[in-house]
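Notes follow the structure.
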Amino acid sequence: MIPAQFDYVRPGSLAEACAELAADEDAKVLAGGQSLLPLLRLRLAYPSKLVDVGRLPELSGVHDRGDHVYIGAMTTHDEVIRSAVVTEGCPLLALATATVADPAVRHRGTLGGSLAHADPAGDLPAVVLALDGVLVAGSEEGEREIPAAEFFVDYLETALRPGEVLAGVKIPKLGPGWGFHYEKFHRTAQAWAIVGVAAAVRRADGAIAEARIGLTNMGATPLRAAAAESALRGAELGDQVRQACEMADEGTSPPADLHAQPDYRRHLARVLTRRAVLAAAGSP
Amino acid sequence: MPRITVTVDGITYEEDVEPRLLLVHLLRDRLGKTGTPVGCDTSNCGACTVMLDGRSVKSCSVLAVQADGCDVVTIEGLGAGGSMHPMQRAFHEEHALQCGYCTPGMVMAAIDLLRDDPDPSEEAIRHGLEGNLCRCTGYCNIVRAVRRGAQEMGQAVKTS
Ligand SMILES: Cc1cc2nc3c(=O)[nH]c(=O)nc-3n(C[C@H](O)[C@H](O)[C@H](O)COP(=O)(O)OP(=O)(O)OC[C@H]3O[C@@H](n4cnc5c(N)ncnc54)[C@H](O)[C@@H]3O)c2cc1C
Ligand code: FES
Ligand code: FES
């Protein structure tokens, strides 16, 4: 279908983009368009104006900043996968991004767009949450940092205020000894996750010293599997890990849709968490 | 109305476009490039795949204004001097199509895949073409055609 009419601007700077958004509350940011254009084509969204930030140089690129990796919001999925800084500094993000959609969508879609869109079925919000990422928002007042744990507020809703643009995300590097895995369950190629599990695990002496687990599509926002994380502390690979992962769905409220009922999603979360944790611990 | 400059299959056009005009509609309805079809309303099928600055994109999911200043190659721009591109010829020879609706997108996606992996395995091809759906062939002949096209393209590079 053909989208309804809207105006279009391509501002030359982040400041200009923020001013455009502040001046019109029905204006929307356009990044890669891989979520927004399908919505416009189905006439599920009616913005008055699209503010195209896709080409702003200050919003793109991957930067090694010592203790963290800074990724500009307009860095495409394809650029994330190809970035040596990402594969070395935050490999979990590269692993999960490689499962997003298909090559053509990954050439256009951006990390910032995925996070700002905040679809709980999206793969990258759970990863940024698991890695304790910090989102950087720009506005006419300047920059503001929002921890991932506070950024995802509700279904398709973030802590970004009107007039704010997501500028980038800081991902703290985890030191040596950590292993990573993203386990995504979907029935057909190129489909969204029915459930996904992002796991970062530090191993010491044959046991798990520390684990961080992000859950995709187990609620209105991405979630941390907090109960499983604390049960995994000190768990020995084998039965103890297995038991700890049985708590992966505690505190979640998975949706019902045509792909799965909540109880099935809970089952998947437990099984996929076990697989992800064992794979991240290097013992699949 | 924004004015854009876009090069399509080697020819540069200046067009006044409504912001809501999709790249695929610019190609088909304005420029007559009907070799690129629209197969779905959900950005899933990949029939509309073209190259935008050398990378595969779904042209139904790009606004024409977003292609301002860019270089677009469609299925119609692949062959030179009336002869088929080796990947097109491989699809023809391996019977990699029935109705042909998915074919332009499949060929573009296959050529994009070879940028990274000039001699892809069967598995790499199936994975690389994930964004392109075929409702007729069952994919086997498509995979065979991409392997053959890849070999012929490698050959073409080596002998030239
Ligand atoms: C066929 C298909 C399959 C897909 N499969 C998956 C999948 O398996 N997993 C997955 O995670 N994703 C999937 N996606 C979505 C894809 O990852 C998108 O790229 C992503 O969701 C949105 O990124 P974008 O840059 O295209 O954003 P856009 O579509 O341009 O924007 C999305 C939303 O975010 C807002 N926004 C964008 N950037 C900013 C910013 N910097 N500041 C403030 N607001 C902003 C926009 O206003 C809009 O509301 C799929 C998409 C398609 C078409
Ligand atoms: S028509 Fe573009 S993906 Fe189907
Ligand atoms: S040949 Fe008919 S859809 Fe592929």
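The values are calculated or read from the model by the stated rules, or taken from the named source; none is laboratory data. Quantities reported herein were computed from a predicted structural model and do not represent experimental measurements. Note that each Cβ is placed from the backbone with ideal geometry, even for glycine, and that neighbours are counted across all protein chains shown.
Considering only residues in the range B:126-141 that are in a helix (DSSP H, G or I) and within 12 Å of chain A (Cβ to nearest Cβ), the one that is surrounded by the most Cβ atoms within 10 Å (Cβ to Cβ) turns out to be B:Gly128. Listed by first and then second residue, the pairs linking a residue in the range B:134-156 that is without any contact (Cβ under 8 Å) to a residue 40 or more places away in the chain to a residue that is hydroxyl-bearing (Ser, Thr, Tyr) and within 16 Å of ligand 2 (Cβ to nearest atom), with Cβ atoms under 9 Å apart and 6 or more places separating them unless they lie on different chains, are B:Cys134/B:Tyr101; B:Cys134/B:Thr103; B:Arg135/B:Tyr101; B:Cys136/B:Tyr101.
Would you point out which residue out of B:Thr12, B:Thr74 is more than 16 Å from ligand 1 (Cβ to nearest atom), surrounded by 17 or more Cβ atoms within 10 Å (Cβ to Cβ) and of a type in the set (S, T, N, Q)? Spell out how you get there, then give the answer.
Working: B:Thr12 fails: surrounded by 17 or more Cβ atoms within 10 Å (Cβ to Cβ).
Being more than 16 Å from ligand 1 (Cβ to nearest atom), surrounded by 17 or more Cβ atoms within 10 Å (Cβ to Cβ) and of a type in the set (S, T, N, Q) holds for just one of B:Thr12, B:Thr74, which is B:Thr74.
Identify the residue in the range A:185-205 that is in contact (Cβ under 8 Å) with a residue 40 or more places away in the chain and surrounded by fewer than 23 Cβ atoms within 10 Å (Cβ to Cβ) and, among all such residues, is farthest from the chain's Cα centre (by Cα). Restricting to residues being in contact (Cβ under 8 Å) with a residue 40 or more places away in the chain and surrounded by fewer than 23 Cβ atoms within 10 Å (Cβ to Cβ), the top hit is A:Arg203.
The residues in the range B:105-141 that are at pLDDT below 95 and within 13 Å of the chain's Cα centre (by Cα) can be counted, and the count is 0.
Among the residues of the range A:184-242, the ones that are in contact with a strand residue (DSSP E or B) (Cβ under 6 Å, 6 or more places away or on another chain), assigned to a strand (DSSP E or B), more than 19 Å from A:Pro262 (Cβ to Cβ) and of a type in the set (D, E, K, R) come to 4 in all. Would you mind finding the one in A:Gly234, A:Gly219, A:Gly238 that is modelled with pLDDT under 95 and not hydrophobic (A, V, I, L, M, F, W, C)? Of A:Gly234, A:Gly219, A:Gly238, the one residue that is modelled with pLDDT under 95 and not hydrophobic (A, V, I, L, M, F, W, C) is A:Gly238.
Being of a type in the set (Val, Ile, Thr), under 25 Å from A:Pro3 (Cβ atoms) and out of contact with any Phe, Trp or Tyr (no Cβ under 9 Å at 6 or more places or on another chain) is the filter here, so list the residues in the range A:49-75 that pass it. Once the filter is applied, which keeps residues that are of a type in the set (Val, Ile, Thr), under 25 Å from A:Pro3 (Cβ atoms) and out of contact with any Phe, Trp or Tyr (no Cβ under 9 Å at 6 or more places or on another chain), the range A:49-75 yields only A:Val53.
To keep it simple, each residue is scored yes or no on (1) crowded, with 21+ Cβ neighbours inside 10 Å; (2) assigned by TED's automatic domain parsing to the domain that holds A:Leu131; (3) more than 16 Å from ligand 3 (Cβ to nearest atom).
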{"residue": "A:Ile2", "(1), (2), (3)": "no, no, yes"}
{"residue": "A:Ala23", "(1), (2), (3)": "no, no, yes"}
{"residue": "A:Gln34", "(1), (2), (3)": "yes, no, yes"}
{"residue": "A:Arg43", "(1), (2), (3)": "no, no, yes"}
{"residue": "A:Tyr46", "(1), (2), (3)": "no, no, yes"}
{"residue": "A:Val69", "(1), (2), (3)": "yes, yes, yes"}
{"residue": "A:Met74", "(1), (2), (3)": "yes, yes, yes"}
{"residue": "A:His77", "(1), (2), (3)": "yes, yes, yes"}
{"residue": "A:Ile81", "(1), (2), (3)": "no, yes, yes"}
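Exactly one residue out of A:Thr110, A:Thr76, A:Thr99 is polar (S, T, N, Q) and away from chain B (no Cβ under 12 Å): that is A:Thr110. Within the range B:76-108, the set of residues being more than 12 Å from ligand 3 (Cβ to nearest atom) and within 14 Å of chain A (Cβ to nearest Cβ) comprises B:Met108 only. Please verify whether A:Ala121 is away from chain B (no Cβ under 14 Å), part of a strand (DSSP E or B) and either more than 11 Å from ligand 1 (Cβ to nearest atom) or small (Gly, Ala, Ser) (or both), treating the condition exactly as stated. So A:Ala121 does not fit the description; no.
For the range A:216-265, taking the residues that are in contact with a Phe, Trp or Tyr (Cβ under 6 Å, 6 or more places away or on another chain) and of a type outside the set (Val, Ile, Thr), the one that is surrounded by the fewest Cβ atoms within 10 Å (Cβ to Cβ) is identified as A:Ala220.
Of everything in the range B:34-70, what is away from ligand 1 (no atom under 13 Å from the Cβ) and farther than 16 Å from A:Ala104 by Cβ? Give them in sequence order. B:Thr34, B:Gly35, B:Ala64, B:Val65, B:Asp68, B:Gly69, listed by residue number. Please verify whether A:Gly32 is closer than 18 Å to A:Ala167 by Cα, within 16 Å of ligand 2 (Cβ to nearest atom) and not aromatic (Phe, Trp, Tyr), treating the condition exactly as stated. Judged against the criteria, A:Gly32 is a match. In the range B:24-36, the count of residues that are under 19 Å from the mean Cα position of the chain (by Cα), away from ligand 3 (no atom under 16 Å from the Cβ) and within 10 Å of another protein chain (Cβ to nearest Cβ) is one or more.
Filtering the range B:87-100 to residues that are over 12 Å from the mean Cα position of the chain (by Cα) and either assigned to a loop (DSSP other than H, G, I, E, B) or crowded, with 21+ Cβ neighbours inside 10 Å (or both) leaves B:Ala90, B:Phe91, B:Glu94, B:His95, B:Ala96, B:Leu97, B:Gln98, B:Cys99, B:Gly100. Does the range B:142-155 contain at least one residue that is surrounded by fewer than 20 Cβ atoms within 10 Å (Cβ to Cβ), within 16 Å of ligand 3 (Cβ to nearest atom) and closer than 29 Å to A:Gln34 by Cβ? For the range B:142-155, residues surrounded by fewer than 20 Cβ atoms within 10 Å (Cβ to Cβ), within 16 Å of ligand 3 (Cβ to nearest atom) and closer than 29 Å to A:Gln34 by Cβ: absent. For B:Thr49, the test of being within 13 Å of the chain's Cα centre (by Cα), touching a residue at least 40 places away in the same chain (Cβ under 8 Å) and either within 14 Å of chain A (Cβ to nearest Cβ) or away from ligand 3 (no atom under 16 Å from the Cβ) (or both) is passed.
Applying the criterion of being touching a residue at least 24 places away in the same chain (Cβ under 8 Å) and farther than 15 Å from B:Leu63 by Cα to the residues of the range B:9-23, the residue that is nearest to ligand 3 (Cβ to nearest atom) is B:Asp9.
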